[in-house]
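Coordinate-derived values only; no laboratory data. Every value quoted in this text rests on a predicted model; they were computed, and no experiment measured them. All Cβ positions, glycine included, derive from the backbone under ideal geometry; neighbour counts span all protein chains shown.
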Ligand SMILES: C[S@@+](CC[C@H](N)C(=O)[O-])C[C@H]1O[C@@H](n2cnc3c(N)ncnc32)[C@H](O)[C@@H]1O
């Protein structure tokens, strides 16, 4: 597998090796954008490349459209096509390091460009970047595609398990208005962050809990219980689980105590 870093992507733009580029905003996303009323929605397009979706939104009066990409190579093309696109809305950097809050985030051949091992982090990061009630929308390949280089594909079952772990309100449906080259091979994705309630913990923290569970590390934990009282406990993590009905995430200690992950204030090896 090649290193999928900024050099890799910049090189592909430089050598004109960009078969994902369809030269316009994809039809499913255009149709979605065209029924939005509020032009002041904060919209992020991660891995936006030449960003035809951003151009479409900008030309249609949307004022808070942001694109983030590892390389600025494709932004030069966007600025040639659309010179008045706000330059400070074109962010060069890593999506996973980005920190802000959006009403909508747009997926268009970004997930398929990432190492599949990053998918759980992608879902958590999308959730974290959405304000409560915000939505991730876009299209996903319903096709296995490559295993050694982008584009990496997937299936409805895989995406359902992946997104369903974090998003309680999830729509994945066969796309009826794909461009002809992708017809029958795309799913429409709409994942809404719950208006309030459980806030999934950061990926890095969850990874740490998983490591401690695997290593059976004795821990000292402080959490806030349902009544708002501080509770101090110690034990080893017996299990990390997601509640099937409300998607809250829990840590079961070997002492029998169950703690909701977003209520933990500190956890350290004893
Ligand atoms: C397959 S291209 C898709 C571009 C665009 N969405 C399109 O459909 O034309 C993937 C894009 O994601 C960008 N990218 C890859 N990893 C990224 C990351 N971690 N953060 C931000 N952008 C990333 C690449 O530079 C590239 O422009």
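Based on C-alpha pairs under 8 angstrom that are at least 6 apart in sequence, segment 1-110 has a relative contact order of 30 percent. Distance from the alpha carbon centroid of segment 141-204 to that of segment 1-52 works out to 16 angstrom. Overall, the anisotropy analysis places the chain in the prolate class: the square-rooted eigenvalues a ≥ b ≥ c of its C-alpha gyration tensor yield a/c not less than 1.5, with a/b exceeding b/c.
Can you figure out the FRET efficiency of residue 262 with residue 215, using R₀ = 35 Å and their beta-carbon distance, to the nearest 0.05? My answer for the efficiency is 0.95. As a length-normalised measure over Cα pairs under 8 Å and 6 or more apart, the relative contact order of the chain settles at 13 percent.
Kindly state, to the nearest 0.05, the FRET efficiency for residue 146 paired with residue 250, given R0 = 45 Å and r defined as their beta-carbon distance. Working from the Cβ atoms, E equals 0.80.
Within segment 136-166, list the residues whose amide N lies under 20 Å from a label point set 7 Å along Cα→Cβ of residue 15. Answer for segment 136-166: 146-152.
Working out 0.36 nm times the residue gap between residue 155 and residue 92, then minus their Cα-Cα distance, what length gain in nm do you get to one decimal? Walk me through the numbers on the way to the answer.
Details: separation 63, 0.36 × 63 = 22.68 nm, distance 3.02 nm.
Length gained between residue 155 and residue 92: 19.7 nm.
Counted residue by residue at 0.36 nm each, then reduced by the alpha carbon distance between them, the extension gain from residue 4 to residue 240 reaches 81.9 nm.
Sorting 101-110, 159-168 by average packing, meaning the other beta carbons within 10 Å per residue, from highest down gives 101-110, 159-168.
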